[in-house]
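Input: a single structure, listed below in structure tokens.
The values are calculated or read from the model by the stated rules, or taken from the named source; none is laboratory data. Computed from a predicted model, the values in this text were never measured in an experiment. Here Cβ is always computed from backbone atoms with ideal geometry, including for glycine, and neighbour counts include all displayed protein chains. What goes into the accessible areas is simple: the full protein's heavy atoms, side chains included, and nothing from ligands, DNA or RNA. Shrake-Rupley method; radii C 1.70, N 1.55, O 1.52, S 1.80 Å.
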Amino acid sequence: MARQTFWKGYLKLSLVTAAVSLTPATTESNKVRFHVLNRQTKNRVESRYVDSVTHKPVPDRDQVKGYPRGEDDYVLLEDEEIEEVGLESTRTIDIDSFVPRGSIDWIWYDKPHFLAPEDKVGVEAFCVIREAMKANDVVGIARLVLYRRERAVLLEPQGKGIILWTLRYGDEVREPVAELDSKAEIDSKLLTLMKQLVKEETKDWSPAMVQDPIQKRLKSMIRGKQKSLKKAAPAKKPAPVKSTGNVINIMDALKKSLAADDGRKPH
């Protein structure tokens, strides 16, 4: 499958520049998605902004962002004003500092992307930057406008490429709920048994370990419904039939499917 590049620009370190492209390293395209429909007409239901008091629809031209400063009192901000305080989208990943590899805790990591050279001219510059980071065992820190927001990003050399991670903002990371007592005594016999159990349950990593069983069951259920609809399709237009009200809700069907699967699992 071809790479779906969603960003193109330049990787820069001092005077060394390389044309590069970014591709999201993860995808949710295989996820089962539903539309909300009108049960009677089967037409899709639209979401609209309505006034919380008058309950009348608000057209796009009358919608504005507001920051609350008191009850029913807001500071109004236009989209242009908000964009002015952001980083100018220069399409350049300018590495301004490096930190030791592994020094940033996992909780700061957000979304991974594949960073790759975009043309033959930039390959050498890209490789030099990557290998220099490897040799010094460091990762690069830069800033970039992605997903309509200014973001701090981390560049980590990996294999023949570089992984670009968007990093979480400082106010998005919470302090640990509680500190564990590192001086607490552990029963040596209990620890021996636990280590043995962990060893017995250790396996080689496989992506199959993190497959989503709910998605598989949903797809299987949808395929079954599609087949039943095809079989029941009449050759001629049938006479209208009054609904008995016994319509199977997808959520009810899913709950029954899960209950049936749980019943078949060995205990």
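Of all residue pairs spaced 6 or more apart or on separate chains, those with beta-carbon atoms under 8 Å, a first member in region 17-41 that is under 19 Å from Gln215 (Cβ atoms) and polar (S, T, N, Q) and a second member that is modelled with pLDDT of 85 or more and part of a strand (DSSP E or B) are Thr26/Lys111; Thr26/Pro112.
Whenever a residue of region 64-84 is farther than 21 Å from Tyr49 by Cα, its partners that are open to solvent by less than 100 Å² (accessible area, probe 1.4 Å) and among the aliphatic types (A, V, I, L, M), lying with C-beta atoms within less than 9 angstrom and at least six residues away or across chains, give the pairs Arg69/Val75.
A quick yes/no check of all residues on (1) open to solvent by less than 90 Å² (accessible area, probe 1.4 Å); (2) in a loop (DSSP other than H, G, I, E, B); (3) in contact with a helix residue (DSSP H, G or I) (Cβ under 7 Å, 6 or more places away or on another chain):
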| position | (1), (2), (3) |
| --- | --- |
| Lys12 | yes, no, no |
| Thr17 | yes, no, yes |
| Ser21 | yes, no, no |
| Asn30 | no, yes, no |
| Arg33 | no, yes, no |
| Arg39 | no, yes, no |
| Lys42 | no, yes, no |
| Ser47 | no, yes, no |
| Val53 | no, yes, no |
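Given the criteria open to solvent by 80 Å² or more (accessible area, probe 1.4 Å), modelled with pLDDT of 80 or more, more than 25 Å from Glu28 (Cβ to Cβ) and not in a helix (DSSP H, G or I), does Lys242 qualify? Judged against the criteria, Lys242 is not a match. Every listed requirement among (1) in contact with a Leu (Cβ under 9 Å, 6 or more places away or on another chain); (2) open to solvent by 80 Å² or more (accessible area, probe 1.4 Å) is met by Asp62 save one, (1). Among the residues of region 131-153, those identified as surrounded by 18 or more Cβ atoms within 10 Å (Cβ to Cβ) and closer than 13 Å to Arg101 by Cα are Met133, Val138, Val139, Gly140.
The residue of region 91-106 that is most open to solvent (accessible area, probe 1.4 Å), among those that are of a type outside the set (Asp, Glu), free of Cβ contacts under 8 Å to residues at least 60 places away in the same chain and part of a loop (DSSP other than H, G, I, E, B), is Arg101.
Okay, residues lined up against (1) more than 21 Å from Tyr147 (Cα to Cα); (2) over 20 Å from the mean Cα position of the chain (by Cα):
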{"position": "Phe6", "(1), (2)": "no, no"}
{"position": "Leu11", "(1), (2)": "no, yes"}
{"position": "Val16", "(1), (2)": "yes, yes"}
{"position": "Thr26", "(1), (2)": "no, no"}
{"position": "Ser29", "(1), (2)": "no, no"}
{"position": "Phe34", "(1), (2)": "yes, no"}
{"position": "Thr41", "(1), (2)": "yes, yes"}
{"position": "Arg44", "(1), (2)": "yes, yes"}
{"position": "Val50", "(1), (2)": "yes, yes"}
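When you check Thr192 against the structure, is it in a strand (DSSP E or B) and out of contact with any Gly (no Cβ under 9 Å at 6 or more places or on another chain), yes or no? No; evaluated as a whole, the condition is false for this residue. Taking the criterion of being in contact with a strand residue (DSSP E or B) (Cβ under 9 Å, 6 or more places away or on another chain), of a type in the set (Lys, Arg) and more than 17 Å from Ile163 (Cβ to Cβ), no residue of region 107-142 qualifies.
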